[in-house]
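Peer 1: This is the structure I have questions about; it appears just below.
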Amino acid sequence: MTLADAPAAPLADPTARTTDCDVLVIGGGPAGATIAPLLAERGHRVVILEKAHHPRFHIGESLLPANLPLFERLGVADAVREIGMEKWAAEFVSPWHEGKQTFEFKDAWDKSLPMAYQVPRAAFDEILIRNAAAQGARVHEGWQATEVAFDDTGARVTAQSDTGEIADWRARFVVDASGRDTLLANQLGLKVRNPRHNSAAVFGHFRGAERHPGQAEGNITIFWFDHGWFWFIPLKEGITSVGMVTWPYHLKTRRGRPLEEFLRENIARCPALAERMTHAEFVQPAEATGNYSYSAKATHGNRYILLGDAFAFIDPVFSSGVLLAMQSAVFGAEAVDTALKHPERTAQAMAEFDRQMRKGPREFSWFIYRVTHPTMRDLFMAPRNIFRVKEALLSLLAGDIYGRTPIWGALRLLKGIYYLSALRHARRSLRAWRQRRRIIRPMAESDTP
């Protein structure tokens, strides 16, 4: 029996328990909660298995302007607006340069996306998963998928509830949107450490951090310091998310101290950030996550695809995580729908899905790998718009990489400027290259936060 032969039953009550479906989505984060309604509206029976119960805490609170059309597409734009702090610009602060540099999204190549939002992820993710249920997906929270077994007609997905119950689901197609759990990549031996990057984060939510006045209140600020960089993300109700992204060698200096103490100590090492945190107090315990950068060898296989962080994650410096997750779900919905309805076109659909999936991480990663290099800091802190290279960079920062905005020639020119500048300061560049090779070496398991 082919994928097309299996019957497509009418959608049932999204709260009803079923063990049979067309598409089973593992994970109810932004990727899973985006692809589910897109497939449901195409007439497919969709089940989401989400290990947590929403709302649940998550980082990745800073969204990009390119997210906004996706919210409109899903019908959640008003709900996101209600919980979001407006973000009109991204600000960079370097201790090796005077002043600060602000990139306003309205100055990007496409002027139609001048702002984005900072959102509490607990509320944001709940909006998406409740919308998925309202659009016809059957959502099962508190169920963690533990194993997927494929056969000629689909897959059996085994899951365990948070009360210990074990159940199986039959699906014609599986979507892995499990995020950093990377269920299928782990099970199938596809996950590999990214040899070109390696970082971890220590972060917390604070009350009382100093914000900019007026429209700039919601702007994200990136602070460079000797051991990596910090994010400063203002949220509504006076809460600010502050996190340090750093290298394995620096995490070793924690030596078992409380995370709050370690984070505070490092904030003090960044004077510009410390000044804004003078009166800030933790509103919940600090948290940490390690081994940030990885990817899978493949984006898809027979009867499955990987979305968002289940495929790859590099670094959060450009706030690209939610966009890549949701956009991958849009591409994934097209590919899965084709595979289910027109199996003879599956290979072509999956090849296009693979191309689009790799595009986002590839375009962001070139800048991510170099963002702490002194030459890149120079370019960010003193940008010039010769041949519209600044506008192209702003478009990248806004996430405008999937449409028809003609930024690619200008970005190639910007990369050329980078290489020429690095050659002009060859000794400094060589020292930076050697240092980077040393600091991205992986930690032993006992050294993780």
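Peer 1: Taking the options Asn194, Asn219, name whichever one is over 25 Å from Thr34 (Cβ atoms), in contact (Cβ under 8 Å) with a residue 60 or more places away in the chain and among the polar types (S, T, N, Q). Explain how you work it out, then say what you get.
Peer 2: On the way: Asn194 fails: over 25 Å from Thr34 (Cβ atoms).
Of the residues listed, the single one that is over 25 Å from Thr34 (Cβ atoms), in contact (Cβ under 8 Å) with a residue 60 or more places away in the chain and among the polar types (S, T, N, Q) is Asn219.
Peer 1: Can you name every one of the strands (runs of 3 or more DSSP E) wholly within segment 123-164 that holds 3 or more residues which are over 25 Å from the mean Cα position of the chain (by Cα) and not charged (D, E, K, R)? Reasoning before the result, please.
Peer 2: Numbers: elements: 138-141, 143-151, 154-161.
Because the criterion is at least 3 residues that are over 25 Å from the mean Cα position of the chain (by Cα) and not charged (D, E, K, R), the strands (runs of 3 or more DSSP E) in segment 123-164 that meet it are 154-161.
Residue-wise test of (1) in contact with a Gly (Cβ under 7 Å, 6 or more places away or on another chain); (2) among the acidic types (Asp, Glu); (3) surrounded by fewer than 23 Cβ atoms within 10 Å (Cβ to Cβ).
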position	(1), (2), (3)
Leu39	no, no, no
Val47	no, no, no
His58	no, no, yes
Glu61	no, yes, no
Pro65	yes, no, no
Val76	no, no, yes
Arg81	no, no, yes
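Peer 1: Continuing with the same structure: Take the residues in segment 241-255 that are among the hydroxyl-bearing types (Ser, Thr, Tyr) and surrounded by 22 or more Cβ atoms within 10 Å (Cβ to Cβ), then tell me which one is nearest to Glu86 (Cα to Cα). Spell out how you get there, then give the answer.
Peer 2: Taking segment 241-255 as the starting set, the residues that turn out to be among the hydroxyl-bearing types (Ser, Thr, Tyr) are 241, 246, 249, 253.
Next, from what is left, pick out any that are surrounded by 22 or more Cβ atoms within 10 Å (Cβ to Cβ): 241, 246.
Working: Ser241: 15, Thr246: 27 Å.
My answer is Ser241.
Peer 1: Could you list all residues from segment 370-403 that are in contact with a Lys or Arg (Cβ under 7 Å, 6 or more places away or on another chain) and either in the same structural domain as Asp176 (by TED's automatic domain parsing) or free of Cβ contacts under 8 Å to residues at least 40 places away in the same chain (or both)?
Peer 2: Arg384
Peer 1: Hand me the list of helices (runs of 4 or more DSSP H) wholly inside segment 237-298 holding 3 or more residues that are touching a residue at least 24 places away in the same chain (Cβ under 8 Å) and touching a strand residue (DSSP E or B) at 6+ places or on another chain (Cβ under 6 Å).
Peer 2: Numbers: elements: 248-251, 259-268, 271-276.
Counting at least 3 such residues, we get 259-268.
Peer 1: For segment 283-309, what are the residues that are more than 30 Å from Ile35 (Cα to Cα) and surrounded by 16 or more Cβ atoms within 10 Å (Cβ to Cβ)? Working first, answer last.
Peer 2: Going residue by residue through segment 283-309, those that are more than 30 Å from Ile35 (Cα to Cα) are 283-286.
Correct list: Ala286 only.
Let's see how each residue does on (1) crowded, with 20+ Cβ neighbours inside 10 Å; (2) farther than 30 Å from Arg303 by Cα; (3) not assigned by TED's automatic domain parsing to the domain that holds His300:
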residue: Arg180; (1), (2), (3): no, no, no
residue: Leu184; (1), (2), (3): yes, no, no
residue: Phe203; (1), (2), (3): yes, yes, yes
residue: Gly208; (1), (2), (3): no, yes, yes
residue: Arg211; (1), (2), (3): no, yes, yes
residue: Gly214; (1), (2), (3): no, yes, yes
residue: Ile222; (1), (2), (3): yes, yes, yes
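Peer 1: Identify, please: which residue in segment 302-325 is in contact with a Pro (Cβ under 7 Å, 6 or more places away or on another chain) and among the β-branched types (Val, Ile, Thr) and is, among those, farthest from Trp229 (Cα to Cα)?
Peer 2: Val322
Peer 1: Restricting attention to segment 1-45, report how many residues are modelled with pLDDT of 50 or more, over 15 Å from Ala335 (Cα atoms) and not charged (D, E, K, R). Let's see the steps before the verdict.
Peer 2: From segment 1-45, those modelled with pLDDT of 50 or more are 17-45; that's our starting set.
So of that shortlist, the ones also over 15 Å from Ala335 (Cα atoms) come out as 17-21, 26-30, 33, 45.
Checking which are not charged (D, E, K, R) leaves us with 18-19, 21, 26-30, 33.
Qualifying residue count for the region: 9.
Peer 1: If Val317 meets every condition in (1) more than 25 Å from Asp400 (Cα to Cα); (2) outside the structural domain of Arg211 (by TED's automatic domain parsing) apart from one, which number is that one?
Peer 2: Tallying (1) more than 25 Å from Asp400 (Cα to Cα); (2) outside the structural domain of Arg211 (by TED's automatic domain parsing), Val317 fails exactly one: (1).
Peer 1: Please tell me if Phe232 is of a type in the set (A, V, I, L, M, F, W, C) and closer than 21 Å to Ile368 by Cα. Steps first, please.
Peer 2: Working: of a type in the set (A, V, I, L, M, F, W, C): yes; closer than 21 Å to Ile368 by Cα: yes.
Spelling it out, Phe232 is indeed of a type in the set (A, V, I, L, M, F, W, C) and closer than 21 Å to Ile368 by Cα.
Peer 1: Does Ser365 satisfy the criteria of being over 22 Å from Thr240 (Cβ atoms), outside any helix (DSSP H, G or I) and in contact (Cβ under 8 Å) with a residue 24 or more places away in the chain? Talk me through it step by step, then tell me what you get.
Peer 2: Values: over 22 Å from Thr240 (Cβ atoms): yes; outside any helix (DSSP H, G or I): no; in contact (Cβ under 8 Å) with a residue 24 or more places away in the chain: yes.
When the stated conditions are applied, Ser365 does not pass them.
Peer 1: Could I ask something else about it? Among the residues in segment 429-449, are any under 30 Å from Leu251 (Cβ atoms), assigned to a loop (DSSP other than H, G, I, E, B) and at pLDDT 95 or above?
Peer 2: Applying the first criterion (under 30 Å from Leu251 (Cβ atoms)) to segment 429-449 yields 429-449.
Now narrow it down to the ones that are assigned to a loop (DSSP other than H, G, I, E, B): 440-444, 448-449.
Next, only the ones that are at pLDDT 95 or above stay: none.
No; the residues of segment 429-449 include none that is under 30 Å from Leu251 (Cβ atoms), assigned to a loop (DSSP other than H, G, I, E, B) and at pLDDT 95 or above.
Peer 1: Also: Let me confirm something: among Gly29, Gly43, which residue is assigned to a loop (DSSP other than H, G, I, E, B) and under 26 Å from Leu396 (Cα atoms)?
Peer 2: On the way: Gly43 fails: under 26 Å from Leu396 (Cα atoms).
Only one candidate qualifies: Gly29.
Peer 1: From Ile129, Ile166, which residue is among the β-branched types (Val, Ile, Thr) and either in contact with a Pro (Cβ under 8 Å, 6 or more places away or on another chain) or surrounded by 17 or more Cβ atoms within 10 Å (Cβ to Cβ) (or both)? Can you show your working first?
Peer 2: Numbers: Ile166 fails: either in contact with a Pro (Cβ under 8 Å, 6 or more places away or on another chain) or surrounded by 17 or more Cβ atoms within 10 Å (Cβ to Cβ) (or both).
Only one candidate qualifies: Ile129.
Peer 1: Follow-up. So which residues in segment 186-198 are within 14 Å of Pro361 (Cβ to Cβ) and not in a strand (DSSP E or B)?
Peer 2: Listed by number, the residues that qualify are Asn194, Arg196, His197.
Peer 1: Same structure again: How many residues does segment 74-130 hold that are touching a Leu at 6+ places or on another chain (Cβ under 9 Å), among the basic types (Lys, Arg) and free of Cβ contacts under 8 Å to residues at least 40 places away in the same chain?
Peer 2: 1
The values are calculated or read from the model by the stated rules, or taken from the named source; none is laboratory data. These numbers were taken from a predicted model, which means no experiment stands behind them. Virtual Cβ from ideal backbone geometry, glycine too; neighbours counted across all protein chains shown.
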